[in-house]
Each structure stands twice: as structure tokens, then as C-alpha cells.
Amino acid sequence: MIGAPIIETRGLSKRFGGVPAVDGVDFSLGEGELRCLIGPNGAGKSTFFKMITGQLRPTAGQVLFRGADVTGYERHRLAGLRIGIKTQVPNVFDGLDVRESLRLAARRFHRPAAAARTVDDILQTAGLAAIAGRKVGELGHGQRQWIELGMLLASDPQLLLLDEPTAGMTTDEVARTAALIGTMRQRRAMIVVEHDMQFVRMIAEVVTVFHQGRVLMEAPVGEVLRDPRVREVYLGRQADRHA
Amino acid sequence: MKLGVSDAGRLALAAAGVAAMIVLPRVVELFTLVELAVFCILAILALSLAFVWGFGGILSFGQSAFFGLGGYAYALAIANIGESTVPILLGILVPMLFAVLLGYFMFYGRISDVYLAVITLTVSLIFYHLINSTSGPDYMIGKARLGGHNGIPGIPPINLPGDPAAQLDIAVVFQVSLATLLLVYFGLRALLASQFGRVLVAIRENELRAELLGYDARRYKLFAFTIGAGIAGLAGVLFATWGSFIGPSVFSIGFSAQIIIWIIIGGLGTLGGAVLGTVLIQYLTTWLGESKIADANLVLGVVFIVFVLLVPNGLVPTARKLMSARRRVGR
Amino acid sequence: MDFAAIVLVQVAYAIASLALISVGLAVIYGMMKVINFAHGEFLMLGGYAVILPVQAGVNLWIAMLIIAPLAVGLFGIVVERLIIRPLYGRVIDTVLATWGLSLLLIGLASAVLGYYQEGSKPPLGSVAIGAYRESVYTFFVIGVATAVMLALYLGLKRTRFGLIARGTMQNPAMAAAVGVDTGKIYAATFGLGAALSGLAGGILAPISGVVPVIGATYIAKAFITVISGGATVLVGTAAAATLLGSVNQIVTFVTGPVVGEVALLAAAVILLRLLPAGITGRLFRGGV
């Protein structure tokens, strides 16, 4: 990797009772790098994600953002560092309209005039201009996810953390999301937790595979998807039984 | 984001209010002015909860406690000082200070929903028991007796600043109450339209998302809670002046619940609804008490039950729905 | 030594009466997530359901243990059908409706029964504990409270009805899909909660008397106890009643009733600050 990592974890762990959901993970992402996190259910990806986004307190280990220790930071403080966070279930403002949602996101980091400009830009970029006046709660699932992504852009984040951005989407919506993420990419670092392998194939560069709370492997996407260990971890021992 | 009645409508409301302030004392009998004054005062109290609950998402059973603290602070201060300007300020600041402490305790402890409701209720009751037990000459603050379950009678009314002899008579108390109601209503409207108000509403909509956008929800809720306490305290000051009396019953669960009922009847999430709900229920209660047609509790109980089945979401939201439906049909 | 025994008995009584007045609300809130603002009035009705039959010559124990719970329980089933069920899921509306019901019941009781005060001495006389005397009725209340909590616990955990009720509350759609008549379950659960409240009101009637507005003295404490207990209905209420009742009684012994009340309230506030989801939000999770 060239240069210091933008986000790093050292020995990051989370135990629930006696069960280690995440077990001493060392992770590193470079500036401007895109990383996908994959792994079967219960592998610890979401718990890991929640720890680096301030939604869960780690039991042990550190999270570093550009070298600074941000372990245990409250979620609003992390967001204040211009880290964009998208949750697994879309968290949006159902009672507000699209424009107001984006305005709130922008206003945190911009003065009113600059915020208004930012909102107009995002409405264009994310293709939301036509529904700008609609109440978010009335819109479809896919649109709500895009609105959420739009809100993330408002802070001009250097790091984007997305948890299953295509969950519950149709094939067309997945393709559009891939395009949107491509536009959002620019020079930004991104971590995308995903389940949908088609989507991963569309956007991934390097992939980190989680298994039982630890990192199983970390390699370019083609290599990972061909790897027999990864297949086994997803399919279990069934492959052996039929052999 | 629609906030309800249009700006023109609100301007008309303000004008009507000012007109009422000037005209009513000349045409209406004193007894009615007394009733109208207390309706205004209770409406101010209701607005404090409407703001904190309807827009801040904080279900507080404690607005009555701030109301009581305001009234008691005013009563005790004016008995000791003799002039009303500082006591009025104390009546607003003491509840606010208490709200900062209680609010910090609750919001920074990430307490919410029904648990917050229970804590605010419990705090109200603590005040009730403590003050109720302060009967007798031992319980004094300076020159003033706390009065226990008998309360504090003979509270001097507000006077013109600096002139203790120029006490406000009941007609002026009515005007001051109505003016304060208008100021609080429009003040809250302005606050809600500001960046602070809009973030507060966003936090109520989805606290997690608001925080993930970088807003510290705890701070916003604490601020809103404190403002609500100040408004309730101001209402308490006016109440003590209006009736020359304050007693521990304002800290009871009955009164705490009553404020919540006013808001529900008028419509949660509106400001005008709070005023409407308060005035209607209080008018009905007073009328029932005077006319002795039937037991007030009985009638109110039936009214509430029927209301819930017929008018879900409260008066103002239902009225809005009917009006927008009619607009659509008329096209 | 005997003073310690008296203190222990009084503390147990405080816990028992707090548990009794709360358990009906706990069943309704814990199982149905309904906040029944008329809970105090169910207790009041239970009290009248003892006083009035006794005045008409009915045996006290029959009135307390059979008539009161039955009458209020049946009334609860009617209330559930007419008021609670149409508003299921609408929390704010349920608050207004049950508050309206509370006023309605107070109004009815005032109009029909007048301001009635029965200050009779509790039955069963007293017993000596060392140099002190304690009312036998105190032990009766403690006994009933213990029996009720145990019966409820076993009933909800071991019987078929308990299983079906718990399942319906957790996932009504699923319960309906496997053939459960959810309407009947809701009615039965609310009726059970009401019956328990009626029983409690009846048991406490000989001690505190009954007036139409007596509900107000119960509702706050019951509400606070149930919420402090947390989501696990019975264990939570028992735990909260134990903690708050003990604090109340012990502080009352040391300083007097007013400070004792304040201590109970303050303890609840501190408890909720430390355990923001109630006692069983973090500890003793799951279960009944």
C-alpha cells in the first residue's frame, strides 16, 4: 500500500457474553481504496462494521482514522470527521421530504448558501431531482437507499462505509446503485459490506472475506471468488459430501 | 416541510389576538376575563409540552413540575423581595436550571421513550411529596412559608417593573397572559423554522440517522427540554399571579396527565392544536363544574372515549385532512 | 431480635403490596404492550367488589378471593373488546381512551356509590412476635402476593394457555397462522390482568378503605414498578417490587413515611439511569 492507511483496526474484538462475534481483526484500508467485505451470515462483518461506525463499543482493540485513535467515539463524532455511514436497514427521515433530508446533511458542514448548492448537485448526481419534493416515507425501498447515499455525499466525505447498499433491490436497482457508487467513488476510500455476489463482481477491486469473526483472506476479487476455501465457507461441508 | 396554517393565516391570527387583547377587556365582564386568562396561561403550559413532545419527541410527564417550580419560585421570591421583576426571572430560570440537570441525567444516559416518561413522572411526584410535607412554620425560605399541602396563598401579582405599588389588575393580567401566549406561539414557530428546530424534528424522525449525519442528539434534546421548562415556568409565574395562589397539586399525576390529554385532543405534532385542545377541555371542565348537569369526570371520560374512536390523531390534524380532501374533491 | 423480625415482616409486606398492585398492570403491559391508564380504577372496582357484597351479607373471603377477581376480570374482558382491541397498536389513542375510561369509572363510582369510606379493621386479629404484635392480615397479604406471583409464573411458563399467550404476544401473525384465535387470547390476557388488579384491590380494601379516587394513589407506583422491572413481565415486576418496596419500608422506618415515599421514587430514578431498559432489560432477560 502506498501511504498511510485512512482507516485501520488493530486487534479489534467484540464479545457478546462468551461468544466472540469479531475476534482480533487487523484491517487496513488505503486512501482512495475500495474494499468489499464479504462472508456468510454470522461471519462478523456487520459487527465489525458497527464497531468502525461507532454503533457498537469494541470489547478490545483499536480503530484508527488517519492515524488518530477513534476507538469508542460516539457515532455523531465519527460522522463529524466526514465519514459517511450507510446502515444495513435504510435509516432515513420518513416524515421529511428528499430536499430537506439532503439539506440537513449538507448544513452540518456548509453554510446555508453552500449547502443549497450542494443539495442541488447531489439531486443531480444521484438522480433524485424529480422526487425532490416528495416525502421520503412514501418512496420505494430502492429510492430510499439512494436518498441515504445522497445524504452521505453532502459532507464531501473522504471515507464511505456502506452496509449492504443493495439489500432488497431488484436487478435494475442493483445496476443503478453500482453506477451511483461508481460516480461517488472519485478519490474516496470506501468499505462496502455486501451479500450480493453479482453486485460485488460489478464494483469490487480488493475483497476481504470474513469467517467466524476473523479475516479468512484478502485479495483481488477474481482470486477470492475462485478460491475453494471461500466457496467452502459459503456452502459449508455440503460440497465434500457430494464429492 | 409543511407546518400547517399558511403565513397569511398566522398573520391573521396574530392580528386577531392583538385585537382581542385590546377589545375584550372593554366588552366582556370581569369574570369571563378571569376565565380567559387562565385558559391562556394553561395554553402556554400546553405549548411547552407540544414543543418538547410533538416536535422533540420527548414524552415528558414533568412539564407540570416545571410549571410548579416556576410558580413556587415566583411566590417565594416575591415574598422576600417585594418587587416582581426578579421573581419573574427566577420563575423562568429555576425550572430551566433544573431541566438542565435532569435533562443531562436522562439524555446523556441515553434514556428514552416510556422510561423517560416514567422518570419525569417520578420526579414530579418527588416534588409533590416533598412540598406536600412542608406544612408548618419550620419550612421557610427567607420570609416565606412553603405551606405544605395548603400551598402559598396571597401571592402578590406582577407589578410594573421597578414600581411595586403598580400591581397589575385582573384585566391587565388577561392582556399579559394573551400577549405572552402569542409571543410563545410565534416564538416557537420561529424556533421550529430555524436550523435548530429542523434538526430537532429530524432527531425525532430518526435519531440514529441524525447522529450519523454528525448531529449530537443529546445536546439538541437537552436544549429543547430546557426551553420547554422555561416556557412552563413562565406559565407557572403567570398562574401564581392570576390566582394569587400556588399549591402542591400542580405536581400531582392528575395534572401531569391532563397536559398530555390536552395535547392528544388537539393533535400531537401541532402547536395550534395544543392551544385548541387546552381551551376546549378546560372550557368543558369549567362549564360542567358550574352547570352541575352531571359529574364532570363522567362526562369528560365519555367525551375522551368517543373522541378517540371518532377523531384519531387529534382535532387539528383531522381538520387539515378534511380540508385537503375537500380541496382535492373541489377540483 | 423480635424487632428485626417485625422489620422483616413489614418490609415483606411493603414488597407484597407493591407487587400485588403492579402485577395486573405488568401482565397487560408486559404481554400486550398496552399502557392501561384505568389500572388504578380496576383496583378501585376490586375494592368495591368486596365492600358492597360484604355489606349485603356475603362472606368476606368469598368476596375477596372469588367475587372481586371474577367481577373485575369479566369487566376487563368487556373493556378489551370495546376499547382496547379497536385501538391495538395505537399507543397514543390507547392512552387517551384508557384515561377517559379512568375518569368515567371515577365519575360513575362517585355518582352511584357516593363518597364511601370503609375504615374497618382488617380481620383475623393479631399475633405476638416477641414484645410486638403484628396483624395476621399482614401475613395473609404476603401469602396471597407470593401465591399469585408463583401461580402466574408457573401458569405462563408451564401451561398450554401460558405458552399460547406468550407466543401470541411475541408474534401474533405467526400465532394466527398456526390457528390461534388471537382475539380470544387478547381478551383472556387483558381479563387476567384486570382480575389480578381486582384481586389486589379487594385484598387491600380492608386496610386502606375504598373511595372513588383511590386509584390515583396506586397508579403511579404500579406504573413505576412495572416499567422499572423491564420487559420480562413477572421476574421484572417481582425484582422491582422487591427493590423499591424494601427501600420504601426501610427508609420509612428510619425517617418517616414522606421521605420513605421519596426514597422509593428516587430509587426508581437511579435504577432506570443505571439500567435504562429496566431491571430485566439487561439482567434476567428472556423468560417470563
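Every number here is computed from the coordinates shown, using simple stated rules; none is lab data. If you're wondering where the values come from, they're calculated on a predicted model, not measured in any experiment. Neighbour counts run over all protein chains shown; Cβ positions are idealised from the backbone, glycine included.
I want to make sure I understand the PRE zone here: with the label point 7 angstrom from the Cα of A:Arg10 toward its beta carbon, which residues in segment A:61-104 have backbone N atoms less than 20 Å away? Answer for this model: A:61-74.
Computed over chain B, relative contact order equals 30 percent, with contacts defined as Cα pairs under 8 Å that lie 6+ residues apart. Between B:Val306 and C:Val254, the FRET efficiency estimated from the beta carbon spacing at R0 = 60 angstrom works out to 0.75. Every helix of 4 or more DSSP H residues in chain A counts as -39500 (n - 2.57), and over all residues that averages to -11000 deg cm²/dmol at 222 nm. Axis of helix A:141-153 versus longest Cα principal axis of chain A: the two differ by about 80°, to the nearest ten degrees. With a 10 Å cut-off around each Cβ of B:252-260, the average count of Cβ atoms from other chains is 3. Length available on full extension from A:Asp156 to A:Arg66: 0.36 nm per residue minus the Cα-Cα distance, which gives 30.8 nm. Note on C:Val112 and C:Val127: the model spin-label points, each 7 Å out from Cα along the C-beta direction, lie 3.8 nm apart. Counting only whole DSSP H helices of chain C, the ones at least 24 Å long by C-alpha along their axis and with mean Kyte-Doolittle hydropathy no lower than 0.5 are C:2-32, C:39-55, C:91-113, C:136-158, C:182-208, C:233-255, C:257-274. Classify segment B:128-204: rounded, prolate or oblate, from the alpha-carbon gyration tensor (a ≥ b ≥ c, eigenvalue square roots; a/c under 1.5 rounded; otherwise prolate if a/b is larger than b/c)? Because a/c hits 1.5 or more and a/b fails to exceed b/c, segment B:128-204 counts as oblate. FRET efficiency for B:His149 and A:Gln124, Cβ-Cβ distance as r, R0 = 45 Å, nearest 0.05? With a Förster radius of 45 Å, E is 0.10. Angle of helix A:171-185 to the longest C-alpha principal axis of chain A, folded into 0 to 90 degrees and rounded to 10: 80°. Take the Cα of C:Arg81, step 7 Å toward its Cβ, do the same at A:Ala114, and the gap between the two points is 6.7 nm.
What shape does segment C:1-130 have by the C-alpha gyration tensor, where a ≥ b ≥ c are the square roots of the eigenvalues, rounded means a/c under 1.5, and otherwise prolate means a/b greater than b/c and oblate the rest? Cα axes put segment C:1-130 in the oblate bin. Considering chain B as a Gaussian network with a 10 Å cut-off on Cα pairs, which listed residue, B:Ile263, B:Ile253, B:Ile141, attains the greatest mean-square fluctuation? Answer for the Gaussian network model of chain B: B:Ile141.
Other protein chain C-beta atoms within 10 Å of residue C-beta, averaged over C:267-275: 4. Pairs of Cα atoms in segment B:231-331 fall into 5 Å distance bins, from 0 up to the last occupied one, in shares of 2, 11, 15, 21, 19, 14, 9, 4, 3, 1, 0, 0 percent. Residues of segment A:38-56 falling in the label zone of A:His195, defined by backbone nitrogen less than 19 Å from a point 7 Å along Cα to beta-carbon, are A:38-51. Overall, the anisotropy analysis places the protein assembly as shown in the oblate class: the square-rooted eigenvalues a ≥ b ≥ c of its C-alpha gyration tensor yield a/c not less than 1.5, with a/b not exceeding b/c. The simple Förster model, with R0 at 60 Å and r as the Cβ-Cβ distance, assigns C:Ile270 and A:Arg226 a FRET efficiency of 0.55. Distance check, please: which entries in C:Lys157/C:Lys184; A:Lys86/B:Lys321; A:Lys45/A:Lys86 exceed 24 angstrom between their Cα atoms? The answer is A:Lys86/B:Lys321. As a rough guide to protection, the peptides B:266-279, C:190-203 ranked by mean Cβ packing within 10 Å, highest first, stand as C:190-203, B:266-279. If you add up the charges near A:Gly67, with Lys and Arg at +1 and Asp and Glu at -1, over every other residue whose beta carbon is less than 13 angstrom from its beta carbon, what do you get? Residues close to A:Gly67 contribute a combined charge of -1.
For the peptides B:186-195, C:8-17, the ranking by packing is C:8-17, B:186-195, with the highest mean count of neighbouring Cβ atoms within 10 Å listed first.
Each peptide in B:12-20, B:49-57, A:150-158, B:156-164 gets a packing score, the mean of other Cβ atoms within 10 Å over its residues, and the list from highest to lowest is B:49-57, A:150-158, B:156-164, B:12-20. Of the beta bridges in the protein assembly as shown, as assigned by DSSP with both residues counted there, near 65 percent are antiparallel. From largest to smallest, the equivalent ellipsoid semi-axes obtained for chain B from the alpha-carbon gyration tensor read 31, 26, 20 Å. Partner shielding of C:258-266 amounts to 5, given as the average count of beta-carbon atoms from other chains within 10 Å of each residue beta-carbon.
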